[in-house]
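Please read the structure below before turning to the comments.
None of the figures in this text is laboratory data; all of them are computed from the coordinates on show. From a predicted model like this one, the values you see are computed outputs, not experimental measurements. Cβ atoms come from the backbone with ideal geometry, glycine included; neighbour counts cover every protein chain shown.
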């Protein structure tokens, strides 16, 4: 049963408390699994570092070994192309996946892709130049050349994540997009829906590998997998730790944690709708967070009953129930203003406003990955077809981070082209600042322009 908190300090000390990375408790089952695979009881950070170092040194051979050791033997089929490259998914397999897909499901993928592309094409990314008599200053915007998209599978494939990462990259003009995604353990193949999403998104290649070894392959490059400039996409603990460790060698989009939804609702909200929205996030995994803030004790109790009732019909009821019991909850606030204050302090990935006048609250929201305004703009639409990328900041990073966008796939180059007179005019103050910092070579370089007088234009 989802708990109700009437005591705000108690809620702040429990479900509303953000734990730092080094405070996270690693379940014994995870440590047991690491010991079984690595032969010693390593921390997850140590295990990831071992995989990264091995892939960096031995390339494809290490990727294959760790994939077989962690995920089990894989059977990729008998096609000659698959035999030549055991990591890459051959094009005929992708084509077959698309051809065999339910046409309605394929249409849904295409609709999501179209809306994602339309939304991201509205984002400004152009270069600019300010030309004055003194010269030109500006910014040149260039797309990244190659991006790696990690698409998790875990307990269920997430082709929507592939779309929500790859399409903004394509809109930005990225020249090559590669995807790494774990194959289904029971079949040894990547899920057909994921392959169809890859084709709809227009990615260049798909590799049937997951985990830290996939991150290592994209970060360092192997004989089969090209080195990328940036890695994006959510993943589990080991993927996130791997992204953290390769940052600086490649760019990353962030360190996404478990998904989280916060709902602010008043007594006009439908308790069945509120419960459904909470459960939609809780079913992701045991560490997902689904929290309701409401000034209505009556709504809180009705939502609690609805959650229990709706749980019975869910295929992932056990996961959702554990998530709600461990990291979810309903907090009864003094009023909507206090609910907004708590939400801003929590900085949720998704913030859903189910109130009589949701737009009245939007202007007060400071920290959130996405704001979902009203009953008909529910978060599940954001997961799939609304338009913005569903890769949003988690773990409170919405205080300073933003959802994935076209801006994540471009780089900005400063352009400085001053005329001689302007360069001379600025040389004296530059020299003074250099002197103030004790950098005499800097000062000398600036004063050399003054000594030589007007130069060629």
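Odds and ends about this structure:
- Counting every other Cβ atom within 10 Å of each residue's Cβ, 309, 69 order from fewest to most as 309, 69.
- Segment 397-457 shape via C-alpha gyration tensor axes, a/c threshold 1.5: oblate
- The stretch between residue 137 and residue 110 holds 5.6 nm of extra length on full extension. This uses 0.36 nm per residue minus the Cα-Cα distance.
- Order of 365, 70, 252 - criterion: other Cβ atoms within 10 Å of each residue's Cβ, fewest first: 365, 70, 252
- Relative contact order of segment 336-452, pairs being alpha-carbon contacts under 8 Å that are 6 or more residues apart, as %: 19
- Segment 1-53: mean projected area of Cα convex hull, nm²: 5.5
- Segment 303-377 shape via C-alpha gyration tensor axes, a/c threshold 1.5: prolate
- Helical contribution to [θ] at 222 nm, DSSP H n ≥ 4, -39,500 (n - 2.57), averaged over the chain, rounded to 500: -14000 deg cm²/dmol
- Shape category assigned to segment 257-383 from the gyration tensor of Cα positions, a/c cut at 1.5: prolate
- For the chain, the convex hull spanned by the alpha carbon atoms encloses 202 Å³ per residue.
- In percent, rounded to a whole number, the relative contact order of the chain is 19, using alpha-carbon pairs under 8 Å and six or more apart.
- Computed over the alpha-carbon atoms, segment 242-298 gives an Rg to Rh ratio of 1.22, Rh here being the Kirkwood radius from the mean inverse distance.
- Cβ crowding within 10 Å, taken as a proxy for footprinting-reagent exposure, orders 38, 409, 378, 372 from fewest neighbours to most as 38, 378, 372, 409.
- As a length-normalised measure over Cα pairs under 8 Å and 6 or more apart, the relative contact order of segment 257-383 settles at 31 percent.
- Computed from the Cβ-Cβ distance with R0 of 51 Å, the FRET efficiency linking residue 357 to residue 441 stands at 0.25.
- DSSP bridge analysis restricted to segment 90-181 gives an antiparallel fraction near 50%, rounded to the nearest 5.
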